[in-house]
Amino acid sequence: MFQSKCLLMIALLSYSISANSQNEGKKPISQPLVKHIYTADPSAHVFNGKIYVYPSHDIESDTKEDDEGGHFDMKDFHVLSMDKIGGKVTDNGVALDIKSIPWAGRQLWAPDAAYKNGTYYLYFPVKDKQDVFRMGVATSKKPMGPFKPETEPIKGSYSIDPAVFKDTDGSYYMYFGGIWGGQLQRWKDNVYQGKTENPKKGETARLPRIAKLSANMKNFAEEVKEVKILDEKGNLFMENNNDKRFFEASWMHKYKGKYYFSYSTGDTHNICYAMGDNPYGPFTYKGIVLKPVQGWTNHHSIVEQKGKWYLFYHDVQLSGKTHLRNVKVTELMYNTDGTIQTIEAYK
Ligand code: FUB
């Protein structure tokens with residue numbers, strides 16, 4: 001997220017105006033899951049029948065706002081858990097602290113988690129000591145941690161927002177990437193190009209990435225590939241299709257045999273989705289899952305519990321500040337043709 005300061009200010013200003021007018025006089029459809037800490041970017045999973053939410057832990061820090069989101073200066077993760085939607089939500093305390101990650105520099109951003117053979121894996125992006133985002137992995141015998149980090153980042157990993165998907169054949173895949181402050185534009189053919197310019201309007205949009213995970217869940221089992229998101233005519237989106245193109249916040253879920261890749265459009269603040277027939281895509285754009293929420297960022301996960309589907313998301317209801325968010329949940333409904341009914345977070 002974020003671009004040059006000037007564009008950012010214009011984007012933030014125009015967004016806050018449009019968001020305010022768009023949601024003016026309306027009430028939120030859901031309340032924050034917890035109110036004693038700020039939480040964001042909720043990755044939800046059902047483990048042993050219970051819901052576990054792996055969010056970012058937003059804090060007010062001394063770091064000044066900059067053009068790459070430096071003020072999103074998170075330093076640890078807490079895992080939230082609940083038996084059912086609407087039930088008591090438990091904050092299980094600190095699951096991983098940045099101080100315990102030897103290679104980490106700053107900014108623990110949106111995590112995700114997975115379970116395999118008695119071990120829980122927490123995947124997280126953090127800037128290394130050269131200020132380049134990499135993906136780390138940490139393990140625990142319990143879903144709420146505490147998690148022990150590996151001593152090095154995942155080899156070949158980069159950018160932000162890991163989403164780990166377990167397919168029905170038992171394979172695990174990581175989707176990831178985010179432009180602007182998420183640094184995806186700095187990578188070409190998986191090679192770091194240094195600090196490059198943000199994508200420009202006349203270019204094809206940057207694509208999210210995928211890699212199958214190795215059997216031990218700690219490495220990529222293959223070269224990182226791009227994930228194609230196509231319009232209804234089969235064309236890739238251009239950067240100026242910014243109400244539909246990928247920006248950040250990948251998520252994958254499977255419903256009735258189809259693969260649903262969902263993501264944030266960043267500067268236009270939608271959560272969109274595209275459907276495909278296998279984990280690698282291509283995926284064809286289908287529409288909006290969640291319209292813009294209060295605050296600049298929009299980030300989500302989609303999970304099933306007891307035959308119902310839920311959308312976890314965040315807004316800034318508690319603080320009114322873009323970098324101090326709170327996670328929420330609402331039910332997600334499908335149409336009979338498998339498309340998703342668009343959610344408006346305020347009515
Ligand atoms: O929480 C930091 C960043 O904000 C996430 O990585 C993005 O997806 C956005 O929500």
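The values are calculated or read from the model by the stated rules, or taken from the named source; none is laboratory data. Quantities reported herein were computed from a predicted structural model and do not represent experimental measurements. All Cβ positions, even for glycine, are placed from backbone atoms using ideal geometry, and neighbour counts span all protein chains on display. Note: accessible area is taken over every heavy atom of the protein model, side chains too, but ligands, DNA and RNA are not part of it. Shrake-Rupley method; radii C 1.70, N 1.55, O 1.52, S 1.80 Å.
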Restricting attention to segment 130-140, the residues that are among the aliphatic types (A, V, I, L, M), within 16 Å of the ligand (Cβ to nearest atom) and closer than 18 Å to I210 by Cβ number exactly 1
Report, by residue number, each residue of segment 296-326 that is closer than 16 Å to K27 by Cα, of a type in the set (A, V, I, L, M) and in contact (Cβ under 8 Å) with a residue 40 or more places away in the chain. L318
For D62: the one exception among (1) surrounded by fewer than 20 Cβ atoms within 10 Å (Cβ to Cβ); (2) within 16 Å of the ligand (Cβ to nearest atom); (3) not in a strand (DSSP E or B): (2)
Anything in segment 315-347 that is among the hydroxyl-bearing types (S, T, Y), closer than 29 Å to E65 by Cβ and open to solvent by 30 Å² or more (accessible area, probe 1.4 Å)? List them, or say none. S319, T322
Among T204, T196, T139, the single one that is open to solvent by 10 Å² or more (accessible area, probe 1.4 Å) and touching a Pro at 6+ places or on another chain (Cβ under 9 Å) is T139
Might you let me know whether segment 143-152 holds any residue that is open to solvent by 20 Å² or more (accessible area, probe 1.4 Å), among the small types (G, A, S) and out of contact with any helix residue (DSSP H, G or I) (no Cβ under 8 Å at 6 or more places or on another chain)? no
Tell me, please, whether a residue that is away from the ligand (no atom under 14 Å from the Cβ), more than 25 Å from D243 (Cα to Cα) and either at pLDDT below 95 or open to solvent by 50 Å² or more (accessible area, probe 1.4 Å) (or both) can be found in segment 10-22. no
Those residues of segment 34-46 which are farther than 29 Å from Q183 by Cβ, open to solvent by 20 Å² or more (accessible area, probe 1.4 Å) and of a type in the set (A, V, I, L, M, F, W, C) amount to V46
Being among the acidic types (D, E) and within 19 Å of the chain's Cα centre (by Cα) is the filter; apply it to segment 138-188 and report the residue that is farthest from S250 (Cα to Cα). D167
Identity of the residue in segment 80-108, within 15 Å of F312 (Cβ to Cβ) and touching a residue at least 24 places away in the same chain (Cβ under 8 Å), that ends up surrounded by the fewest Cβ atoms within 10 Å (Cβ to Cβ): K84
Considering only residues that are within 11 Å of the ligand (Cβ to nearest atom) and not in a strand (DSSP E or B), which ones fall in segment 301-323? T322, H323
Across segment 92-129, which residue is nearest to the ligand (Cβ to nearest atom) among those that are over 16 Å from the mean Cα position of the chain (by Cα) and assigned to a loop (DSSP other than H, G, I, E, B)? I101
Within segment 230-251, track down each residue that is in contact (Cβ under 8 Å) with a residue 60 or more places away in the chain and either of a type in the set (S, T, Y) or away from the ligand (no atom under 15 Å from the Cβ) (or both). S250
Please go through segment 282-301 and give me each residue that is surrounded by 22 or more Cβ atoms within 10 Å (Cβ to Cβ) and either within 21 Å of K166 (Cα to Cα) or touching a Ser or Thr at 6+ places or on another chain (Cβ under 8 Å) (or both), ordered by number. F283, V289, L290, P292, G295, W296, T297, N298, H299, H300, S301
Unmet criterion (only one of (1) within 16 Å of the ligand (Cβ to nearest atom); (2) acidic (D, E); (3) open to solvent by 20 Å² or more (accessible area, probe 1.4 Å)) for D169: (1)
